[in-house]
Amino acid sequence: MEQKPRIILDCDPGIDDAFAIVTAARWADVAGITTVSGNVSLDRTTANALRLRSLLNADFPVHAGADKPLEAPPLSAGHVHGECGLGGIDLPPPAKTPDSFDAIEFIIETTKNEEGLHLVPIGPLTNIALALQADPNISRRVASITFMGGSAGGLGNVTAAAEFNIFADPEAAEVVLTSGSPVTMIGLNLTHQVQVGKKETENCHAIDTPVGSAMAYLLDFYAEFYRSHLGTDTGSMHDPCAILAVTHPDLFGFEKRHVDVETGGKHTRGMTLVDERGQGSDLEPNCEVAYTIDSQKAVDLIMQAVADM
Ligand code: BDR
Ligand code: CA
């Protein structure tokens with residue numbers, strides 16, 4: 001059997017983060033989960049990661065990380081994910097405490113002990129930036145830093161120009177993109193192609209396991225946000241796409257591009273500026289940017305993960 005890619009999943013659960021954790025537990029070899037302040041505060045994202053670990057009966061370690069961005073004021077997305085981050089779901093409190101409160105040390109030490117890991121950040125990039133600042137050689141030891149955030153083509157969700165994970169900590173995103181690491185960007189231009197709605201909620205209900213029921217609840221809550229705030233019947237499965245980019249890269253179309261992060265800007269702070277000038281550009285590519293995905297296959301793999309876990 002083919003070996004699963006080994007990853008550290010850096011997250012801020014978060015409803016789509018919860019689906020990413022389930023997707024990772026099924027299709028990747030998870031060396032550990034690190035948590036960061038983002039969708040909700042660090043104590044909540046950490047508690048949610050621990051609750052999801054228990055739900056999955058998984059044994060990967062959970063390490064708590066940064067409780068605030070490098071410089072930006074903390075930002076939350078409680079209106080999307082609910083005040084607790086998981087739509088008020090009734091999951092048992094975590095059986096265990098975090099394995100440590102030093103996610104940065106965990107990232108540094110684990111990437112020293114095992115070269116070739118993929119770092120998969122699906123929240124603000126604060127932990128990854130702090131780890132790179134403390135140990136720049138991480139860049140040479142990892143197989144990739146595959147992050148969900150930003151967008152090609154100037155698409156935003158927090159502002160007209162900026163996506164949540166980058167807007168929450170643009171300085172951290174800049175550290176990552178200028179680090180010389182093998183970086184892959186899974187932006188809104190890609191994740192908007194992977195939509196879930198009523199059909200997937202019903203499929204999760206029909207699975208009739210604790211994981212299936214929990215995911216059905218989360219999808220119901222998520223769909224309600226999309227209906228009431230955006231007037232759509234389906235919502236984007238952002239974060240699982242970053243997992244699939246590592247575990248199933250053949251589903252994706254990538255292009256090498258130069259990507260900058262706007263850290264100033266009156267209207268554009270947090271925007272990812274993707275250079276699409278091709279041969280006319282004098283800038284070296286620093287990022288693999290995902291443009292296309294087999295959307296149906298992606299949804300099928302996420303749903304299969306829910307069913308198998
Ligand atoms: C990203 O923002 C968060 O709210 C989601 O969890 C995802 O990581 C999408 O912009
Ligand atoms: Ca997230």
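None of the figures in this text is laboratory data; all of them are computed from the coordinates on show. Because the structure is a prediction, the values reported are computed rather than measured. Quick reminder, even Gly has a Cβ in these numbers, built from the backbone with ideal geometry, and neighbours come from all protein chains shown.
Compared with the rule-of-thumb size 2.2 N^0.38 Å for a compact globular protein, region 158-250 has a Cα radius of gyration ratio of 1.29.
Separation of the alpha carbons by more than 30 angstrom is noted, of LYS198/LYS266; LYS68/LYS199; LYS96/LYS199; LYS68/LYS266, for LYS198/LYS266; LYS68/LYS199; LYS96/LYS199. Computed over all pairs of different Cα atoms, the Kirkwood value for the hydrodynamic radius of region 154-309 is 17.0 Å. Kirkwood radius and radius of gyration were both taken over the C-alpha atoms of the chain, and their ratio Rg/Rh is 0.93. Of the trypsin sites (Lys or Arg not before Pro) in region 219-266, the ones in a loop by DSSP (not H, G, I, E or B) with at most 14 other beta carbons within 10 Å are LYS266.
Where does the Debye-calculated log10 I(q)/I(0) of region 1-154 sit at q = 0.08, 0.09, 0.13, 0.20 Å⁻¹, using only Cα point scatterers of equal weight, no solvent? Listed by q, the Debye log ratios stand at -0.20, -0.26, -0.55, -1.30.
Ellipsoid fit via the Cα gyration tensor, region 221-305: semi-axes of 28, 21, 10 Å, each the root of five times an eigenvalue, largest first. Determine the distance separating the Cα centre of region 249-307 from the Cα centre of region 1-78; give it in Å without decimals. Centre-to-centre distance over Cα atoms comes out at 21 Å. What's the percent breakdown of Cα-Cα distances in region 3-68 across 5 Å bins, shortest bin first? P(r) for region 3-68, in whole percents per bin: 4, 20, 33, 25, 13, 4, 1, 0.
Restricting the trypsin sites (Lys or Arg not before Pro) of region 68-147 to loop positions (DSSP other than H, G, I, E, B) with no more than 15 neighbouring Cβ atoms within 10 Å leaves LYS96.
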